Structure formats: C-alpha cells, structure tokens
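The values are calculated or read from the model by the stated rules, or taken from the named source; none is laboratory data. Here the structure is a predicted model, which means the values were calculated and not measured. Methodologically, a virtual Cβ is constructed for each residue, glycine included, from the backbone with ideal geometry; neighbour enumeration extends over all protein chains shown.
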Amino acid sequence: GMMVIALSVLIPDMPGMMAMMMKMPPGPEIPPGWTYNPSSWLQRTPIIVLGFIGFFASRYLTAFQLGYINHVWDPFFGEGSEKVLTSAVSKSFPISDGGLGNFAYTIEALMGYMGMSNRWRTMPWMVAFFGILVIPLGVISIVLIILQPVSVGFWCLVCLITAIAMLVMIPLTLDEVVAMIQFIVKRTKEGKPFWRTFWMGDTIEGGGKDTRTPSFIGPLNKTVPSMMWGVNIPWNLLLSTAIGLWLMFTPFLFSIQKSIANHLTTIGALIVTFTVIAMAEVGRTFRFLNIAFAIWLIMASILFKDSFGHSLWIALTSGVLLIGLSFRKGKIRESYGTFDRYII
C-alpha cells in the first residue's frame, strides 16, 4: 500500500505539477525576515525519519490486530499492550486503529519528500495539508494514546513509541506552516487571489538565497544542529515536561485509585504534549496553556473527595511549580519576520 501511494502520486508528482513548477517565477528560499529556510532538506530529514519510525511501529501493531502475529513485544507492561489493542475502545473502530495510524504515518513520511526546498511558497497547499495531518490530528492521536490507562486501564509500549514520534514531529513542523501562512497573508494583502496562490504558489519580495544551510553530506557537527533550527529546550520547559511525566505515572507509583488518578494522568498527558510543542520557538506561547492545566490540577485535588495524602500534595506542589515555570519564555535564537511579535 505504501508503494502504491508513493509510486502513483508522491514520487512522480501530481498531474501538471512539474509544468507548474517550470513556470514558477524565481524567488527567495529563505522567507522575508527569517534567518533560516524551514523547508530545507535538512529541516525535513528528522520529520521523515520520525514518520518512518511511526510507520514501522504502527505496522507491527497492525500485524497483531489483523492476526498475522500472536503476541506483542512489551518488556515493560507485559500483556498490557495486547489488552489495549484488543480493548473495546480499539474494536470500536470499523478498521484496525493501528492500520489507520500506519496509513497516517505513511502519508506523513512520504509528504516529507514532496516539493523543493522553497515549498513554503511554491506549494502552500501541500505544507497546509501536511501541517493539518501532523499538528491538530497529531495532538488528538497523541492524547488518545497517552490516555490509555484512563480509557483501558493498561499501557502499551509500542503505542507510546508511536506517540513520541508524532509528538516530536509537531515542533519540527510548526515553522514551515508559519512561513507558509505568512506568505499567503502577504500575497493576499497585495491583491493576489487567495485560492490561486494557495494551489499554485507564487514568488514574494524580500527574503533571500539560502546560504546558511550546510550541504546534506557535510560534517555532522554542522548538519545535525541545522536540523533543529527553530527548536530549543529552555530549562523551564524541560522541568515542565518532567512534571507532566511525573503526574502521568504517579497513580502507578503510589497506587492511587479512583477519579483523581484519571485526572492526574489526563492533566499530565496534556502538560507533556503542549510543553513539547512550546519547544518550537514559533510555538513558545503554547506554554501558557500549562497555567490552565495547573489551575485544573489544583482545583481537582481540592474538590475531589478521594484526593488525600500523596495525591493531594503531589497535585498542589506540581500545580504551583508549573505556574511558576510557565512565565519564562526562554531564549529565542532565530528570527521569523512579522511573526516575531507573536512569540511572547
């Protein structure tokens, strides 16, 4: 199935796309006001790699759900993986949910290959669809996977691997989507038709040639850092992620039961998800959502009757720490043109 998708559309390109690219007027590779090119091949490489990791992991889960293998490898949660994959939640889908995820990862990995190194302006539609597939749908799938102990009562190791792959893809994808939106907005304000620009692409004044991105076959001490331009991990976001993970696993470490356990796991999953997204410099504002999650955590620990002892103090302490950690923006190393004012 993956080969059919790749060989029919993505590798030979959409019908008429090559002719359209040949007619494309020359323009910049780096967006106006930016310090790097978010569509360069080195920027896309980790996204493609993570897409294939998710593909092979979900393929393994699909093989179990379809009966091609009898057991699922899981050295940490034992039979938990099989119970998750055969649960009522999983069976509520008309098709294998692992297969559905496998299809999504296939599209994500192959779409990473599509387009040139200036596709933020030459293929806005593709960047938009790629962003929709990775960001909002990715957040939903990540939260659903992480909430397995709430909905099913068990963890699944390989499922968590797919969730981690998807989660890391989101901050790596955000910058290209922002560049595409900036381009569409600017061209529309200049009087260009929205839909023609969206589907056909165009050029733009400003920006420049990409002389900063190293060669793909250059030394690792140059190529690897360039893959992470636009993403950094301030110490406060690292600690916020640790708090989220702590909340997720607290019910299992201290044998906390009932509704407060579900709230700790749910809030912890949301904290981890949006903190990792905030590691993208263009997504740094998402860290303020942690304040809302912290207030929810504190209120739940006070109002729930089954919240006492360990669960009460863990919730109160984590909530207060999280609020304090959410105010610091951290260092912003790159520039993003007109979007800089939204990074607060």
Selected residue [without any contact (Cβ under 8 Å) to a residue 12 or more places away in the chain, under 20 Å from E281 (Cβ atoms) and surrounded by fewer than 21 Cβ atoms within 10 Å (Cβ to Cβ)] from V168, V185: V185
Per the list (1) crowded, with 16+ Cβ neighbours inside 10 Å; (2) touching a strand residue (DSSP E or B) at 6+ places or on another chain (Cβ under 8 Å); (3) farther than 30 Å from S81 by Cβ, residue check on M227 breaks on (2)
With (1) among the small types (G, A, S); (2) modelled with pLDDT of 95 or more; (3) loosely packed, with under 13 Cβ neighbours inside 10 Å as the list, and G153 as the residue in question, which single condition is left unmet? (2)
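Looking at the stretch 285-297, can you tell me whether even one residue there is in contact with a strand residue (DSSP E or B) (Cβ under 9 Å, 6 or more places away or on another chain) and either surrounded by 21 or more Cβ atoms within 10 Å (Cβ to Cβ) or without any contact (Cβ under 8 Å) to a residue 24 or more places away in the chain (or both)?
Kept after step one, since they are in contact with a strand residue (DSSP E or B) (Cβ under 9 Å, 6 or more places away or on another chain), are these residues of the stretch 285-297: 286.
Subsequent filtering for residues that are either surrounded by 21 or more Cβ atoms within 10 Å (Cβ to Cβ) or without any contact (Cβ under 8 Å) to a residue 24 or more places away in the chain (or both) retains 286.
Yes, the conditions are met somewhere in the stretch 285-297.
Test S58 against the criterion of being at pLDDT 95 or above and in contact with a Ser or Thr (Cβ under 9 Å, 6 or more places away or on another chain), and give yes or no. Spell out how you get there, then give the answer.
Numbers: at pLDDT 95 or above: no; in contact with a Ser or Thr (Cβ under 9 Å, 6 or more places away or on another chain): yes.
No; evaluated as a whole, the condition is false for this residue.
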Quick one: would you say V282 is crowded, with 18+ Cβ neighbours inside 10 Å and touching an Asp or Glu at 6+ places or on another chain (Cβ under 9 Å)? yes
Just a yes or no: is a residue in the stretch 119-138 more than 30 Å from L245 (Cβ to Cβ) and among the charged types (D, E, K, R)? yes
Out of (1) within 30 Å of W41 (Cα to Cα); (2) surrounded by fewer than 20 Cβ atoms within 10 Å (Cβ to Cβ), the one I323 does not meet is (1)
Could you say which residue among F198, F183 is out of contact with any Pro (no Cβ under 6 Å at 6 or more places or on another chain), in a helix (DSSP H, G or I), in the same structural domain as G115 (by TED's automatic domain parsing) and under 20 Å from I30 (Cα atoms)? F183
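Restricting attention to the stretch 236-271, which residues are closer than 19 Å to R328 by Cβ and not hydrophobic (A, V, I, L, M, F, W, C)?
Narrowing the stretch 236-271 to residues closer than 19 Å to R328 by Cβ: 236-244, 271.
Hits for the stretch 236-271 are N236, S240, T241, G244.
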Among (1) without any contact (Cβ under 8 Å) to a residue 60 or more places away in the chain; (2) assigned by TED's automatic domain parsing to the domain that holds T317; (3) among the hydroxyl-bearing types (S, T, Y), there is one condition T266 misses while meeting the rest; what is its number? (1)
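Please find, among G67, G51, the residue that is assigned by TED's automatic domain parsing to the domain that holds S215 and either among the acidic types (D, E) or under 14 Å from L110 (Cβ atoms) (or both). Break it down stepwise before answering.
Working: G67 fails: either among the acidic types (D, E) or under 14 Å from L110 (Cβ atoms) (or both).
That would be G51, the only listed residue that is assigned by TED's automatic domain parsing to the domain that holds S215 and either among the acidic types (D, E) or under 14 Å from L110 (Cβ atoms) (or both).
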Could you say whether any residue in the stretch 180-201 is on the phi > 0 side of the Ramachandran plot and either small (G, A, S) or touching a strand residue (DSSP E or B) at 6+ places or on another chain (Cβ under 9 Å) (or both)? yes
Scan the stretch 151-163 for residues that are part of a helix (DSSP H, G or I) and farther than 15 Å from I271 by Cβ and jot them down. S151, L157, V158, C159, L160, I161, T162
Before we move on, is I323 modelled with pLDDT under 95 and either within 30 Å of P38 (Cβ to Cβ) or of a type in the set (V, I, T) (or both)? no
Here are S240, S215: which of them is surrounded by 18 or more Cβ atoms within 10 Å (Cβ to Cβ) and either hydroxyl-bearing (S, T, Y) or closer than 16 Å to P31 by Cβ (or both)? S240
Looking at the stretch 230-252, is at least one residue on the phi > 0 side of the Ramachandran plot, within 17 Å of the chain's Cα centre (by Cα) and not charged (D, E, K, R)? yes
